[in-house]
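One structure is given below, encoded as C-alpha cells.
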Amino acid sequence: SLTLGIVGLPNVGKSTLFNALTKNDVLAANYPFATIEPNVGVVPLPDPRLGKLAEVFGSEKLVPALVSFVDIAGIVKGASEGAGLGNKFLANIREADAICQVVRVFADDDVVHVDGRVDPSADIEVIETELAIADLQTLEKAIPRVEKEARIKKDRKPALDAALAAQAVLNEGKTLFSQKNKLDFELLKEFQLLTTKPFLYVFNADEGVLTDDVKVGELARSVAPADAVFLDAKIESELLELDAESAAELLESVGQTEPGLDALARAGFHTLGLQTYLTAGPKEARAWTIHKGDTAPQAAGVIHTDFERGFIKAEIVSFDDLVEAGSMASAKAAGKVRIEGKDYVMVDGDVVEFRFNV
Ligand code: GDP
C-alpha cells in the first residue's frame, strides 16, 4: 500500500506525532492478522458515510480506509553528502510515495531549535534544499549516460530533455513537485528522483497559532498547492487517552473542531491521489482504497485478485441516492442502481456490489 514518509528537522515533533499515529488501535480492531512494521503508523480516514451505510444495511461494524505513515530518521543538514544517517535516510525517502514534512511552529524555550529560532519557511528550505541536492547528484550521474544513449538511439532524446529540464528547476532551488506542470514526470520516473514526490506539510503548532486564522492562512498559502495540516502533536497524543467528551473539550480549548489526525488522514489520502468506494452488508460497512481514475475491475481487485480476473459487472448506486432511497431494494425500484462494465471509471462514494466468475 502507498505510504507517506515523515521528514523534518530534529526537535520539530516528528516522534511525538508518530507516537500518536501508532497509538490508535484501528489496525488491531479491523485487521487482526496484519503484520505491521515498527516504523509504520496508520490512521483511519474519517468517513461519516460508513455510519449511515451501517444503518441502511444493519452492518455490525465499520471498516474505514487507512492511511500509512513511515517514520524516517531525522534529516540533518548535509544528509545528501552521506554524512551520518544520510544515505539510509535518502533510501527510505525513495521508498515512500509522498513526503510528509513536519514543520515546527510551536514556541517553547525548553525545546531547543537546531538553528536557534522558530522559522517555518527557513526550516522548509533547509529540508527541500537537501532533497534537491540529492536529486541534482542523481541527475549529474545520469545525464552523461543518457546523453551517450541519445546519440545512438533517437528515442532516448525525450528522456534527456526531461532530465535537463529537471536539472534547471533544481538549480533554481525549487523542488520538482512544485513545478509539476512544466515537467514530464512520466519520463522522469526512470531517474527515481525524490522531489517529484508529492509533498504534504504538517505544521506542529500551539494554541496561539491554531486559533490565529491569519497566520494559518499565510502558512497554508506559503506551501500551496501542497496540502497543509495544522495540529498540536503533543495534544494529539493526549487525545487518544481521553474519552470522547474530554477529548472534545481539550480540542475546543485549542480552537479545533476535530482531531488533527483526522485532518492529517484526509490530507495524506489526497496527497497520495487516492479515493474510496464503499461496500456494505450485515457484517460490515467498509471503505476500500483505490487510485483516482481506477476502473471497476481494478477496484474489484482491491478486495481480491480473483475479483479482478473474473470481473463480469458492477452494480453501483451513489451513496446519496442510496441514503435517499433508504434501502438497496428501494434504490433498485427507483432505477438508481446502475450496471457498469469493465471500462467504468470509479467515482468517490460509489456503493458497489461486484459480480464475478471464479
Ligand atoms: P523530533 O526530534 O522531531 O522527533 O521531535 P520530538 O517529537 O522528539 O519532540 C521534541 C520535543 O518537543 C519533545 O520534548 C516534545 O515533547 C516537544 N514537542 C513536540 N511537539 C510539541 C508541541 O506541539 N508543543 C510543544 N510545546 N512541545 C512539543
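Where a number appears in this text, it was derived from the coordinates with a stated rule and is not lab data. Please read these numbers as outputs of a predicted model, since none were measured by experiment. FYI the Cβ positions are ideal-geometry reconstructions off the backbone, even for glycines, and counts take in every protein chain you see.
Out of residues 5 or more away from Thr3 or on other chains, whose amide H comes under 5 Å of its own, with H placed 1.01 Å from N in the peptide plane?
Asp97, Ala98
Per residue Cα convex hull volume for segment 157-232, in cubic angstrom? Show your work: numbers first, answer last.
Working: hull volume 6.9 nm³, N = 76.
Spelled out: Cα convex hull of segment 157-232, divided by residues, is 91 Å³.
I'd like the trypsin sites (Lys or Arg not before Pro) in segment 98-145 restricted to DSSP loop residues with at most 11 other Cβ atoms within 10 Å, sorted by number. Working shown, then result.
On the way: sites: Arg104, Arg117, Lys141, Arg145; in loops: Arg117.
Taking segment 98-145 and a limit of 11 other Cβ atoms within 10 Å, the loop trypsin sites (Lys or Arg not before Pro) found are Arg117.
Taking only the Cα atoms of segment 258-344, how large is their convex hull per residue, in Å³?
129
Suppose we flag GluC sites (Glu not before Pro) only when DSSP calls them loop and at most 10 other Cβ atoms lie within 10 Å. Which is the longest uninterrupted stretch of the chain?
No qualifying site falls inside 1-171, the longest such stretch.
Which ³J(HN,Hα) values, rounded to whole Hz and listed in residue order, are derived for segment 228-234 from phi using the Karplus coefficients 6.51, -1.76 and 1.60 in 6.51 cos²θ - 1.76 cosθ + 1.60 with θ = phi - 60°, glycine and proline given as x?
Result, ordered by residue: 10, 10, 10, 7, 10, 4, 5 Hz.
Relative contact order (percent) for the chain, with alpha-carbon contacts under 8 angstrom and 6 or more residues of separation? Write out the running numbers ahead of the final one.
Numbers: 618 pairs, mean separation 71.1, N = 358.
Answer for the chain is 20 percent.
Over all directions, average the projected area of the Cα convex hull of the chain and note it in nm². Let's see the in-between values first.
On the way: hull surface 86.5 nm².
Directional mean of the projected Cα hull area for the chain stands at 21.6 nm².
Determine Rg/Rh for segment 169-324; Rg is computed over alpha-carbon atoms and Rh is the Kirkwood hydrodynamic estimate from the same atoms.
Ratio of gyration radius to Kirkwood radius for segment 169-324: 1.06.
Using helices alone, I'd like the mean residue ellipticity at 222 nm for the chain: each DSSP H run of four-plus residues gives -39500 (n - 2.57), total over residue count, nearest 500. Walk me through the numbers before you get to the answer.
Numbers: 16 runs with 157 residues, N = 358.
Roughly -13000 deg cm²/dmol at 222 nm, from the helical runs in the chain.
Students often get this wrong, so check it: of Lys88/Lys141; Lys23/Lys283; Lys88/Lys180; Lys52/Lys215; Lys148/Lys189; Lys154/Lys182, which have C-alpha atoms separated by over 30 Å?
Table pairs above 30 Å Cα-Cα are Lys52/Lys215.
Rank these for me by crowding, Ile99, Ile133, going from fewest to most other beta carbons within 10 Å.
On the way: Ile99 25, Ile133 17.
Placing the least packed residue first, the sequence is Ile133, Ile99.
Looking only at the chain, where both bridge partners belong to it, what percent of the DSSP beta bridges are antiparallel (to the nearest 5)?
Values: 23 of 46 bridges.
The antiparallel proportion sits near 50 percent.
Could you pull out every residue, at least 5 positions away or on a different chain, whose amide H is within less than 5 Å of the one on Phe199? Hs are placed 1.01 Å off N in the peptide plane, and Pro or chain starts have none.
Ile99
What is the order of Met328, Met346, fewest Cβ neighbours within 10 Å to most?
Going from least to most buried by this count: Met328, Met346.
Over the Cα atoms of segment 102-243, what radius of gyration and what Dmax do you get, in Å?
19.6, 68
How big is the Kirkwood radius of segment 293-356, worked out from every pair of different alpha carbons and given in Å to one decimal?
Working: mean 1/r = 0.0844 Å⁻¹.
Value: 11.8 Å, from the Cα pair sum.
How large is the dipole of segment 293-356 about the Cα centre if only Lys and Arg carry +1 and Asp and Glu carry -1, each at its Cβ, rounded to the nearest 20 debye? Before the final figure, lay out the partial values.
Numbers: 7 positive and 12 negative charges, 60 e Å.
It works out to roughly 300 debye.
Give, as a single signed number, the net charge of other residues whose beta carbon lies under 13 Å from the beta carbon of Asp135, with Lys and Arg counted +1 and Asp and Glu -1.
Summing Lys/Arg as +1 and Asp/Glu as -1 gives 0.
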